[in-house]
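Have a look at the structure below, then the notes.
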Amino acid sequence: MTSEPARHPGVEPKPADIRLVIGASSAGTVFEWYDFFIYGTLAAIIGKTFFPSGNATLETLLVWAGFAVGFGFRPLGAVLFGYLGDKLGRKYTFLVTVTLMGIATAGVGLIPSAESIGYAAPALVLLLRILQGLALGGEYGGAAVYVAEHAPPEKRGYFTSYIQASVVGGFVLSLIVVLGCKALMSPETWASWGWRVPFLLSIALLAISLWMRVKLSESPVFQAMREEGELAGNPFVESLTYPGNKRRIFIALFGIAAGLTVIWYTAMFSGLTFLKTAMRVEDTTAEVIVGLAAALGMGFYLWAGHLSDKIGRKKPIVWGYALTLLLLFPTYWVIGAHANPGLAAAAERAPVVVSGPVCDYNPFAQEQTTNCAILLGDLAGTGVSYDLGKSDTLVATVGGKALPLDSYPWADKAARGKQLQTWLTEAGYDFSKVRPSWGDTAIILGALLLLMALSGATYGPVAALLAEMFPPRIRYSSMSIPYHLGTGYFGGFLPFISGFIVAKTGDPYSGLWYTWVVVLMAFLVALWGLKGGPPRDFEQDAA
């Protein structure tokens, strides 16, 4: 295909029509991302139920590996459902994706524990995560394209920003459901079987979503292309061969999708994990703080989408990247200092230093091969940060005082954990769960909102931008493929990679380097590749 297909700009819909389009598309996106995020929200209990290993760090990494598997299959879902969306229509394709997601999510809640059925349990979890990833690969492109093709050009950024905010809404809904279930159940009931209820609720959410989406009509752009015989013969092939599309896909992948997704996951998922683990904030308190920040932060997505209609799509995204590079580490330092001031003070007053000849700690091993690695693994399990040095003999100091490692029960893991905590407690470390004061909570909330503002700036205009970057006949496929490659691999593997970096280094802030490097790459690509100026419909020579 060498010539530009006929352009079909969005038409001015009636107010009732656009409310239905945005409402049904956004609600379905909320429900589908709820289904996907509930796994990450319940990561700790999923690890104990389906990936038991006796190694808390390994269990966490296995859970995040399962999280990444779902994201890893999103590009395949983008190819499959993008093809169907460009051939058969936008509406019916995302009806299929939301159905697949709801069924797969409910299935996770029905899987027996690993204690009951052994390795079949994690295998079934991974299979259902694959189905979720396939479904999600088709959902975003369908909803974003559907709204963009209904929207008038001058309001396209604002209208499509509701889809971006709905992704956050899915995360918020997952927290609300978890908190509600925990409030209605005893801790024993929740730990035993109650945690399965949020997964099973997907069936009810699926029914609501289908009811809303069935009422929708097909996209006017797709209808016009079908009537004029302009549908793509093979959308996937044309996405790779259409003039200029390879460059557009490169920019969309490395300059847009990769950057926005790591900022979003660092703001919310990493923030929640950081509070619960490294900072030892009580679970419900951490969930409430992060959930409130996410709920309030959705407004930034709408604001950025509206702003992009006025000043163009490029400026908010590039500004958001630049500010993230400057503020990411300082913002997390503020969160850490106020989430658990006692722990922060203890780490400064009595730093832990481990030195030895062979300290090759492997977070994936159930048992380490050297005493130094064993000690590092035990420290990783406590969440206490440490510095690593080199020496001919194994030495560990806390606040400059050497620990009596000759009496350390090397062969007994449970005894080691108790002994290490005793030594650290004597040095001023407090391992009890904490609830920050109201003042500290307000500062944490403000820091998380700053991260959400950065996420909103880079995420809010994106659906409109991607829809405008690609020709209508292959739009669903062309925008879905780079979006889900970027979000699936750069974002989906973020919890796993950053968790691995933290486990290897002993520094709870070191995982942020992954985010920082990816954002730097996205900033440079976006600065080079994105067209400036006011928003415009697809043009043959536009990026």
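Just so it is clear, none of the values below were taken in a lab; they were calculated from the coordinates. Being a predicted model, the structure only gives us computed values, none of them experimental. All Cβ positions, even for glycine, are placed from backbone atoms using ideal geometry, and neighbour counts span all protein chains on display.
Note on the chain: with charges restricted to the Cβ of Lys and Arg (+1) and Asp and Glu (-1), its dipole about the Cα centre is near 720 debye. What is the percent of Cα-Cα separations in the range 346-426 that go past 18 Å? More than 18 Å apart: 34 percent of the Cα pairs in the range 346-426.
Taking θ as phi - 60° and the Karplus parameters 6.51, -1.76 and 1.60, the scalar couplings of the range 128-142 work out to 5, 5, 5, 4, 4, x, 4, 5, 5, x, x, 5, 4, x, x Hz in sequence order, x denoting glycine and proline.
Hey, could you grab the Kirkwood Rh for the range 437-517? Inverse mean 1/r over distinct alpha carbon pairs, Å, one decimal. Taking every pair of different Cα atoms in the range 437-517, averaging 1/r and inverting gives 15.4 Å. Only Cα pairs under 8 Å and 6+ residues apart enter the sum, and on that basis the relative contact order of the range 346-426 stands at 34 percent. Think of the range 346-426 as a dipole: +1 on every Lys or Arg Cβ, -1 on every Asp or Glu Cβ, centred on the Cα centre; then among Leu388, Ile374, Ala414, Ala414 lies furthest on the positive end.
Dipole check for the range 346-426: with +1 at the C-beta of Lys and Arg, -1 at the C-beta of Asp and Glu, and the Cα centre as origin, the magnitude is about 140 Debye. The HN-Hα couplings worked out from phi for the range 156-172 by the Karplus form 6.51 cos²θ - 1.76 cosθ + 1.60 (θ = phi - 60°) are 5, x, 5, 4, 6, 5, 5, 5, 5, 5, 5, 4, 5, x, x, 5, 4 Hz, whole numbers, x standing for Gly and Pro.
Phi-derived couplings, Karplus 6.51 cos²θ - 1.76 cosθ + 1.60 at θ = phi - 60°, listed residue by residue for the range 367-375: 9, 7, 9, 10, 4, 5, 5, 4, 5 Hz, with x used for Gly and Pro. When both bridge partners sit in the range 346-426, DSSP labels roughly 60% of those beta bridges antiparallel. Extension gain, Thr370 to Leu200, is 56.8 nm, computed as 0.36 nm per intervening residue step minus the present C-alpha separation.
With a threshold of 32 Å on the Cα-Cα distance, the over-threshold entries among Lys246/Lys310; Lys401/Lys433; Lys155/Lys276 are Lys155/Lys276.
Once the Cβ-Cβ distance of Asn362 and Phe431 is raised to the sixth power relative to R0 = 25 Å, the FRET efficiency obtained is 0.55.
With 0.36 nm allotted per residue and the present C-alpha distance subtracted, the Ser186-Arg536 stretch has 120.5 nm of extension available. Mind checking the angle between helix 258-267 and the chain's longest principal axis? C-alpha axes, 0 to 90 degrees, to the nearest 10. The answer is roughly 50 degrees.
For Val434, the residues 5 or more places off, or on other chains, whose built amide H falls under 5 Å of its own are Val281, Glu282. Calculated translational diffusion coefficient of the chain (4 °C, 1.567 mPa s; Stokes-Einstein with Kirkwood radius over alpha-carbon pairs) equals 54 µm²/s. Simple rule: put +1 on each Lys or Arg Cβ and -1 on each Asp or Glu Cβ in the chain, find the dipole, and look at Phe73, Leu240, Ala503; the Cα lying farthest toward the positive end is Leu240.
Summarising the label geometry, the points placed 7 Å from Cα in the beta-carbon direction at Ser407 and Gln421 lie 1.9 nm from one another. With semi-axes defined as the square roots of five times the eigenvalues of the C-alpha gyration tensor, the equivalent ellipsoid of the range 154-204 measures 33, 10, 6 Å, largest first. What FRET efficiency would be calculated for the residue pair Ala207, Arg19, taking the C-beta separation as r and a Förster radius of 30 Å, to the nearest 0.05? Once rounded, the FRET efficiency stands at 0.90. Amide H to amide H distances under 5 Å link Asp387 with Val352, Val353, Val354, where only residues 5 or more positions off or on other chains count and H is placed in the peptide plane. Rounded to the nearest 5, the antiparallel percentage of DSSP beta bridges internal to the chain is 55%.
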